[in-house]
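Visitor: Supplied in structure tokens, the structure appears directly below.
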Amino acid sequence: MSIIAIAGDHGGIDLKSLLAKEIEALGYDLLDLGTNGPESVDYPDFAYALAEAVRGGKAERGVVVCGSGIGISIAANRFPEIRCALVHDAYGARTCREHNDANVIAFGGRTTGPDVALECLRIFLGTEFEGGRHARRVGKLSAPPL
Ligand code: RB5
């Protein structure tokens, strides 16, 4: 059984709990890294905890949520092993897996409605990476020229 991690800040709290329930309903084991209350918190702390779980192999994939999805996706993407896609629609949810091998999906709790987010989550979890020409490009994501 695969483990899916989830984390978010106060701006994503309602959507996060909806997505967490759906992850379990789909039959995955859930690793909930918080936050789980309405108090104001700092989204990088939660993004970093989730990134650590995914890059360390504790979770196969991850879901992050903040108010816009922007801050938490930027924070998650500060690790070379993390490919976090901020998604707003089904096309993005599919292509971030097929083309980018995204291992984390980000949502904005204040920007994306529950039905769209749930559809995107299902697609993200159910879609495989296409490999082929995309594998060369994805490889370059982990090795930027510095
Ligand atoms: C918190 O108010 C908000 O700034 C945060 O959830 C997120 O939208 C940041 O990118």
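The values are calculated or read from the model by the stated rules, or taken from the named source; none is laboratory data. Since the structure is predicted, the reported quantities are computational estimates derived from the model, not experimental observations. As a convention, Cβ positions derive from the backbone with ideal geometry for all residues, glycine included, and neighbour counts pool all protein chains shown. Please note that ligands, DNA and RNA were not included when accessible areas were found on the heavy atoms of the full protein model with its side chains. Shrake-Rupley method; radii C 1.70, N 1.55, O 1.52, S 1.80 Å.
Visitor: Within segment 22-36, does at least one residue satisfy the condition of being assigned to a helix (DSSP H, G or I) and either of a type in the set (F, W, Y) or within 15 Å of the ligand (Cβ to nearest atom) (or both)?
Guide: no
Visitor: Given the criteria open to solvent by 30 Å² or more (accessible area, probe 1.4 Å) and within 16 Å of the ligand (Cβ to nearest atom), does F79 qualify?
Guide: So F79 does not fit the description; no.
Visitor: Check whether at least one residue in segment 84-104 is within 11 Å of the ligand (Cβ to nearest atom), free of Cβ contacts under 8 Å to residues at least 24 places away in the same chain and not polar (S, T, N, Q), and report yes or no.
Guide: yes
Visitor: Also, I was wondering about something else. Based on this model, can you work out whether S40 counts as more than 13 Å from the chain's Cα centre (by Cα), open to solvent by 50 Å² or more (accessible area, probe 1.4 Å) and either under 26 Å from S142 (Cβ atoms) or within 16 Å of the ligand (Cβ to nearest atom) (or both)?
Guide: When the stated conditions are applied, S40 passes them.
Visitor: Restricting attention to segment 70-99, which residues are within 13 Å of F124 (Cβ to Cβ) and in contact with a Gly (Cβ under 7 Å, 6 or more places away or on another chain)?
Guide: Correct list: A85, L86.
Visitor: Moving to a separate point now. Quickly run through segment 98-126 and pick out the residues that are in contact with a Ser or Thr (Cβ under 7 Å, 6 or more places away or on another chain) and surrounded by 23 or more Cβ atoms within 10 Å (Cβ to Cβ).
Guide: A106
Visitor: Same structure, new question: Which of the residues that make up segment 53-76 are open to solvent by 70 Å² or more (accessible area, probe 1.4 Å) and within 12 Å of the chain's Cα centre (by Cα)?
Guide: Passing the criteria: E60, I70, I74.
Visitor: Yes or no: segment 58-65 includes at least one residue that is in contact with a Gly (Cβ under 9 Å, 6 or more places away or on another chain), touching a residue at least 12 places away in the same chain (Cβ under 8 Å), within 10 Å of the ligand (Cβ to nearest atom) and not hydroxyl-bearing (S, T, Y).
Guide: yes
Visitor: What number of residues in segment 1-36 are at pLDDT below 95 and open to solvent by less than 30 Å² (accessible area, probe 1.4 Å)?
Guide: Counting residues in segment 1-36 that are at pLDDT below 95 and open to solvent by less than 30 Å² (accessible area, probe 1.4 Å) gives 0.
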